[in-house]
Structure formats: C-alpha cells, structure tokens
C-alpha cells in the first residue's frame, strides 16, 4: 500500500493509464493494419495484397485519381485561402477573430449534412453533379483548414519587420514577396497538410456529390472492408498511410505550432 | 478602394461557405420532401421533429449521438487531464515519445483510425456496438484534451506546486487546490472540443458500430442519403444545431472578451500599486 501511494504521488506516474490506453488503442491497431496487410486470407505471410493492387488497374487508377483530386483541392484552397488569411491578418484583432469564427462555424455542422446541402445547392442552381461538384464540395469542406493556420502565422508576424523593409526602401510588392510570404511558409505548409490529408482520405462525400459516379480511394478501402476483404483493405490502408507519412515528413521540420488550438 | 475590394473578397468567400447552409435553413420552413422544392411556409418539420412525427430510428440516432458524445467526452477529459499532469512531469525522451504517440490519432485520417480499431476489435473477438464506438471516440478525443490542458501546465510556475508541498500540502491536495484551478479552462475547452468532435464523427463510427444496427446521427444521415433522400426533418434539426452552436460560440466569445478585459484592468491596477 505504501509503495502504491509513493508511486501514485509521483506525478509522472499519472501518465501511465494513458500510456497503456494508447498502447492498446493507438499503437496496436496500427500494428494490426501492418500484420493484416502482409497476410493472405489463410493467415500466412504474403505479398499478394500488394501484387493485387499493382496488377488491378481499377484500384491503382482510383488511387492516382484521388491524389489528383486532393492536389487540385489543395491548390484551389491555397489560392482562395491565402488572400483571405492575409486580409484577415490586416484587420483589427477583434474584427478578425469574429470573421475567423464565421469561417470556422460551418464546420460545426455535420460533414454529411453540409455535403448534402452542397448537392442541394447544385440542384437549386441547375448545375450537374460530377467532378465539378466534387471539387467544389471538397474546397467548401476544407477551406477553413487552409485559412486558419496561415492567418495564425501572419497574425503573429512581427509588424516591425514589415516597417523595417519599408524603411529600407522596399516597394509594397517586394515587402510581400521578400518578407511576408517567406515568413508565412510554416502556415502554408501546415495548411496544405491539413487540406491534403483529409481530402485524400475522404469517402462518402464523393459518393454523394457525384451520384456514385466517381469513386475515390477512401471509398475503395471502405468497400473492401465492408465486403470482408480485411487483408486487402488493410493493405490499401497501409498504402494510404505511407502517402500520409511522406506528406508529413515534408512538414515536420517547418511546423511551428501554426495549427495549435482550433477552438 | 483597396479596402472595399478586400472586404468584398471576404464577403464573397463567406457567401460561398454559407450558401448551402442557408439553403438548408430556408428549406427547413417548408414541408416538401425534396430539398429545393418550395411548397409554402410551414413549421411542420419542427413540430414533427419534436412531437415524434419522425420514425423512431432517427430519434434513437439522436439519443445515441448525444449519449456517446457525453460519455466519450467525459472519459476523455478525465483520462487526458490525468495524462497531461503526468506528461508535464516526464522528461526528454519519454516525453517526446508520449507526445508523438498522442499526435498519431490527430494526424491519422479518420478512415485509418476507424479501420485500425475495427481490426483491433475483430482480432480481440469483441462484438461491436455501443462500447466499441465509445472506446473509439475516446481514442481520437483524448489527444485533443491533452493538447488543450498541457499548455496550461507548462505555462504554470512549477514553484507554486513545490511551495504548496513545502507548506504541508499532500501531493493530492496540491494537485486539487493548486494545479486543478489553473488547468480548469483547458479542461473545459478540451471537453467541448471532444464533445463536438464526437458528435461530428462519421468515419470512425461507421467502422466500429457493428452490425446490430447501432446508428448515430452521422451514420443515419449516410444511410438515409444513400437511399436517395434526406429525411426532411433533418433540415430542421441541422438548423437548430446551427443556431445553438452560433449562440454558444457568441457566449463563449463574449465571456472570453470580458475576462480579457478584467485581466487587463487587474494588471493595470497592480501596476499602479507597485509603481
């Protein structure tokens, strides 16, 4: 009992329950994905799932198509979001906070409801559903994720740097390209990541926005899991995980707490 | 001119973001089954939502959503706070490792979290249902609680805790009387964040809710939409959720603003007495 109390009184021991919890519910499941991915149906080690992915054009094509859609979405979000973040960072702080809140507010509505609302909007405007609707829906869903981190970095930027550049004779354009933009790269990087990663893994949204005509990689994974093809599904998940791992490698070095606390 | 342009741009983006939502809100006041068909003003959808005019499965889904969110957010807040207190006292390597693993569920796409937990429950032979959904939600909510509590602890002066011990407090008392009041705002925002994440979740739930027909609002809407149309009452429900969230955010924001002002006043008052 005494030993227990001593253990309990050391604050670092308090992390133990969570460490155990994470070992079971975070680490082990990921290990399981890896084990399942390298197993054939009978449970023996095999590469057959990956062979199948490479040799089956449908899944591989969906994969490449999804990356393309995710890239387009990310680029559009960046083009639309950067000016917005910049304008926000020039506003009075209280006004800016209010507008940022307005940008984040729609995210409190269920993604599926928002997506169905987009479908309704397209119906309402008599626009056809399909690729255009898919990209609109993706941008619509993920734009706030781009604006927020960039705004965060721009807003914290030291204003005297801009003044110094101006004093030293830089034109407004130079101030932007030489000072503001380079300094905002951490925000851009985490914005790209926060848009690219969820877009590449979405499912359900694409079915609704394209009336089941366009399938994204996420949907392929979901279908395989639902149809009991766990091993193949796990292999596809692993492929997605690798892509995401590569993406986050790019950002690891430049991340500067740009995406702290969305609330 | 420049100002008008930039304001105009923000307004344009906001209009784009809100257009779909506004359409839902407008069409929640008409009875038509198909979204986009205006058949005259009526509050029928709202009355039917509250008087049980909708089928039981929707009501069940709403109930399940809130029960799961409440349990998951409460457990996450408890687990995450205790963990944060521990992590704050960890050093170097261990702390880095724990922080790294804590970030995994945040960075992982929902679908991966969902599938990996699905495989876990399958391998352990656990029947999926309420328990598994709640466990899954705790898994992706707790990291956010840790992240909102931990900064409060690192910003805290560590000497205050030591002082409490020196003055004869037991470690338990010191944590309750000294640390807890400091981290309470972080716990509250962690709880709110966990709650909203849980309510909003779709991808993780759909892989862990099993085959016994446990539905949350998200999975219900998904099934509904695949059948070819949204239950009209959901438009009313979404509008209500939006308004509630809007009011909540305004209240939270006003409170934060008032607190900031008070802190400012207190600071300037202290400055006067010292100076």
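Every number in this text was worked out from the coordinates using simple rules, so none of it is lab data. Computed from a predicted structure; not experimentally measured. All Cβ positions, glycine included, derive from the backbone under ideal geometry; neighbour counts span all protein chains shown.
Here A:168, B:197, A:116 are placed in order of increasing Cβ neighbour count within 10 Å, fewest first, which gives A:168, B:197, A:116.
Determine the relative contact order of the stretch A:1-157: mean sequence separation of Cα pairs under 8 Å and six or more apart, normalised by residue count, in whole percent.
24
Calculated FRET efficiency, residue B:247 to residue B:66, Cβ-Cβ distance, R0 = 22 Å: about 0.80 to the nearest 0.05.
Rounded to the nearest 10 degrees, the angle from helix B:130-155 to the longest Cα principal axis of chain B is 40 degrees. The relative contact order of chain A, computed from alpha carbon pairs under 8 Å that lie at least 6 residues apart in sequence, is 27 percent. Helix B:233-274 and the longest principal axis of the Cα set of chain B meet at an angle near 20°.
With respect to chain B, whose longest principal axis is taken over its alpha-carbon atoms, helix B:56-88 is tilted by about 20°. In chain B, Rg over Rh equals 1.06, where Rg is the alpha-carbon radius of gyration and Rh the Kirkwood radius from pairwise Cα distances. Size descriptor for the protein assembly as shown, Kirkwood hydrodynamic radius: 25.3 Å (Cα pairs only, one decimal). Descending by average beta-carbon neighbour count within 10 Å, the peptides A:220-227, B:11-18 line up as A:220-227, B:11-18, the highest first.
How much length would be gained if the chain were fully extended between residue B:18 and residue B:57, taking 0.36 nm per residue of separation minus their Cα-Cα distance, in nm to one decimal? Please report the intermediate quantities before stating the final value.
Working: separation 39, 0.36 × 39 = 14.04 nm, distance 2.92 nm.
Extra length available between residue B:18 and residue B:57 comes to 11.1 nm.
Counting neighbouring beta carbons within 10 Å and listing from fewest to most, the residues B:137, A:51, A:231 come out as A:51, A:231, B:137. Using a Gaussian network model of chain A in which every pair of alpha carbons under 10 angstrom is joined by a spring, one finds that among A:34, A:193, A:138 the greatest mean-square fluctuation is at A:34.
Modelled spin labels at residue A:95 and residue A:58, positioned 7 Å past Cα toward Cβ, are 5.5 nm from each other. Working note: Debye formula, equal point scatterers on the alpha-carbon atoms of chain A, no solvent; log10 I(q)/I(0) at q = 0.11 Å⁻¹ is -0.80.
Each residue in B:220, B:130 was given a count of other beta-carbon atoms within 10 angstrom of its own, and listing them fewest first yields B:130, B:220.
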